[in-house]
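Worksheet: the structure to be examined is printed underneath.
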Amino acid sequence: MSLSRPAGLAIAALLLLPGCQTIKSALPWTTSDDDDSGPPLRLEELPPDLLYKNGIDALRKESFSTAVKHFEAIQQNYPYSPWATNAQLMEGYTEYRRNQYTEAVGQLDRYIQLHPTSKDVAYAYYLRALCYYEQIADISRDQKGTSQAQAALQEVVNRFPDSAYARDARLKIDLCRDHLAGKEMSIGRYYEKQNLYGAAIGRYQRVVDDFQTTNHTPEALARLTEIYLKLGMVDEAKRTASVLNYNYPGSEWYQSSWNQLITVGAVPNASPQAVEQAKPGFFGRVWGSVF
């Protein structure tokens, strides 16, 4: 039985993702590993609709190499058919499923370039962004991939702001930003520990300026306050602590900064009780434990 083009694209309905789900969790195809056993098929002799059906069947069985071969055969032997357009996108998806992200991005870039007005192009942009997102490394490693993921996700938001893809992309952008801020804080702490205060200030200030909506901003402000006090820049320390108090009143990071200001005499009207409470204790231990 011939597989019609609309029926062949029914799979696309499964590719709209709610929240922060990934495609892998949206499709319950976990029946087997890649299996290319059996006699070789003369794929060039099969019609495009059968090639496409076989490719989808192989994808469902997680026989990814087999699926790729079928989708490639359509593009090579029937390049001007509607099936070739679908096969291009599905090959990109298949490469994503088997964690071949470089190949997936290349395939999706070609699809986007050749079919910029396709009704599925928003999904192609989104899947391309996911390829970068899946490669985000731990903050101890280079974060070039995180920056690429953020840029690709932002492109989805900019081009398709009202789509379900954009809603999920916005959530992932926030995670990318938090990751990048965490990397800056890690480097800043290292510089501060080495008494490289100028370099540390640059890292902390970048968190405050470029990642101010992340959870790392209170600590960055507190670290800046601490360094300014070490450098004898009391007025700058007080201004930074005021920003910290205004935006994060009552936080542990502000309390630690306030205690330090009192300890160095930067709060002239502090009561004896406040001075006593500012002595190293709980908040000092919290501060030191981060290093």
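Apolar share of the accessible surface for the range 50-189: 47 percent from carbon plus sulfur atoms, 1.4 Å probe. Backbone phi angles across the range 108-113, fed through the Karplus curve with coefficients 6.51, -1.76 and 1.60 (θ = phi - 60°), yield HN-Hα couplings of 5, 4, 5, 4, 4, 5 Hz in residue order; Gly and Pro are listed as x.
When each of the peptides 189-200, 87-98, 63-74 is scored by how many other beta carbons lie within 10 Å of its residues on average, the order from highest to lowest is 87-98, 63-74, 189-200.
When nucleic acids and ligands are ignored and a 1.4 Å probe is applied, SER251 ends up with an accessible area of around 30 Å². Taking the alpha carbon gyration tensor of the range 170-229, multiplying each eigenvalue by 5 and rooting it gives semi-axes of 22, 11, 7 Å, largest first.
Taking other residues whose beta carbon is less than 15 angstrom from the beta carbon of ARG170, and scoring Lys, Arg as +1 and Asp, Glu as -1, yields -1. Number of Lys-Lys pairs in the range 45-168 with C-alpha atoms under 26 Å apart and a separation of 8 or more places or on different chains: 5. The Cα atoms of the range 50-144 give a gyration tensor whose axes a ≥ b ≥ c have a/c of 1.5 or more with a/b no greater than b/c, which makes the shape oblate.
Straight-line cross-link reach from LYS193 at under 19 Å between alpha-carbon atoms covers these aspartates and glutamates, not counting any fewer than eight positions away in the same chain: GLU184, GLU219, GLU226.
The values are calculated or read from the model by the stated rules, or taken from the named source; none is laboratory data. Predicted, not measured: the structure shown is a model, and the values here were computed from it. Note that we place each Cβ from the backbone using ideal geometry, even for glycine, and neighbour counts take in every protein chain shown. In case anyone asks, the SASA skips ligands and DNA or RNA and just uses the protein heavy atoms, side chains included. Shrake-Rupley method; radii C 1.70, N 1.55, O 1.52, S 1.80 Å.
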